[in-house]
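The values are calculated or read from the model by the stated rules, or taken from the named source; none is laboratory data. In this text, all values refer to a predicted model and were calculated from it rather than measured experimentally. Methodologically, a virtual Cβ is constructed for each residue, glycine included, from the backbone with ideal geometry; neighbour enumeration extends over all protein chains shown.
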């Protein structure tokens, strides 16, 4: 590039200097534009400047006048696959902005959480993909290009994004710190189509689908009301992340009736509802086995006259999960997650000589709960001395019989709903893409009822953003993970996979089944080559007209015959061994048992079990880490399914 100035438009205008043409950071040398489409080129220049763009492909020229704020937007028709091309933007000053080595070809957006983000060489040398040395050694491909976005969040939609590597780069061994699936998918398309391929790696491990979804599209998905209200309350201000997290904590405590003590928190309480527990410790291991909810806890601390009237520090160590903390009846702090140690400053006007009362409302959303840090971290620091608080505390469980309303997880800013969409998806809308490949869902396991409408809202959102209601959207169904269990009808992982599959009801969607590629002790399957191949088969068939099979047969009917269930598939299926595994059958009462399965002909499977005399439902590969071995004749696995789901 001859000259590129990557400054915010506002900074340019405010400085009073002569503004040059500035483009979003993802318009750089080496970029790939989607062939036979329309490329939108937004930017800034001097207010009123005549800005022209010219590309050395036929018809690649346009002119526009920058508005009073210096903003402009130009549109260019893109050519058929080929290149390299040069794109020149001019504002009439002679100091042109030049984009060189531009290719036209196929562009795909690759997004999701850690299984999409997972680099060829892993993270810091850990978690390398299968045969990573060979992949790296053969990664010299000038016709395959990468745009990798830098991880950022925002509370309102942005027009520009941060990029790694300075923008678009040609694939080489030096780019193997980016998404392995994105690279391997691009490589497959390039080999099959013989055209340049560009992939945009916009991925972030450990993230929820709601963080990748826009505000308007979350409004109709149940469960996000608190977060959306908090976003409105902070005015969608990017500087208000801490305020938003505090707002969510307050809303959550209020929604569960835990925002106020309901007793005099300046005094130690007693009575039939109050007991005692040892701190530090998890209450599930002692006084409240299996309890998720709010617990009020109290401890007296005696301070000398020299401490009275002076600020002190109240340290509570680690609390699982949330807290609201009071000192002598006045709230002095609170956090909404278990990731940070609690240390609160108590103003001197609350500190007195003699008895002082610490009251903490601890809320456990699931798993273990309590004040659970190291005993040495739980104390009061006052008057240059440390007063331990470990030991016996009084407690009262407030909502023993009432389930908690869910707490939005904001343990990390990238968990905030809409936050990644705003910073890492919305800016890309001006760059035409052929389609999307998506690998996400692990973080949403446990919320299958919500994920079903959420995932479909995300797909509609992105299609609307690109103004293409038919934009291909192909996704990976979660692989097997966790302890193998033969009969697990309530598997959270199976339920989430089922919610993913429901998105196939939307047009132009496709699902790459990865159930057989998992590892019970590693959430990141290493055979990313096969994941990328299965995704590419969908695109090669559906988008590029290649004669290839991209999915295994599916069960199209089930019927009960006496004590057996008969399943019919829409094509030939076969197990990989003499024993056909992975099926369970259940009755009307929800009692399930492992099924004896046999193949009749090529497309019919008969199931039975001596433990289920009147079966009503059959499920296949329905477990966290199931052991099914049924495939289509092309070697693709039959997707998990349930006749009653």
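One table, with the values for the structure above:
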| quantity | calculated |
| --- | --- |
| Within the range 21-71, tally of residues that are touching a helix residue (DSSP H, G or I) at 6+ places or on another chain (Cβ under 8 Å) and not in a strand (DSSP E or B) | 5 |
| Test: residue 106 is within 30 Å of residue 476 (Cα to Cα) and either surrounded by fewer than 22 Cβ atoms within 10 Å (Cβ to Cβ) or in contact with a helix residue (DSSP H, G or I) (Cβ under 7 Å, 6 or more places away or on another chain) (or both) | yes |
| Answer residue from the range 325-343, given it is modelled with pLDDT of 95 or more and buried (at least 20 other Cβ atoms within 10 Å of the Cβ) and is farthest from residue 248 (Cα to Cα) among those | 327 |
| The range 578-590, residues that are surrounded by 15 or more Cβ atoms within 10 Å (Cβ to Cβ) and either modelled with pLDDT under 95 or at negative phi (or both) | 580, 581, 583, 584, 585, 586, 587 |
| Enumeration of residues in the range 177-200 that are surrounded by fewer than 22 Cβ atoms within 10 Å (Cβ to Cβ) and either assigned to a loop (DSSP other than H, G, I, E, B) or under 19 Å from the mean Cα position of the chain (by Cα) (or both) | 177, 194, 195 |
| Residues that are farther than 15 Å from residue 215 by Cβ and either surrounded by fewer than 16 Cβ atoms within 10 Å (Cβ to Cβ) or more than 25 Å from the chain's Cα centre (by Cα) (or both), drawn from the range 227-249 | 239, 242, 243 |
| Residue match in the range 547-563 (condition: touching a residue at least 24 places away in the same chain (Cβ under 8 Å), farther than 14 Å from residue 630 by Cα and crowded, with 18+ Cβ neighbours inside 10 Å) | yes |
| Of all residues in the range 594-626 being assigned to a strand (DSSP E or B) and under 34 Å from the mean Cα position of the chain (by Cα), the one that is surrounded by the most Cβ atoms within 10 Å (Cβ to Cβ) | 619 |
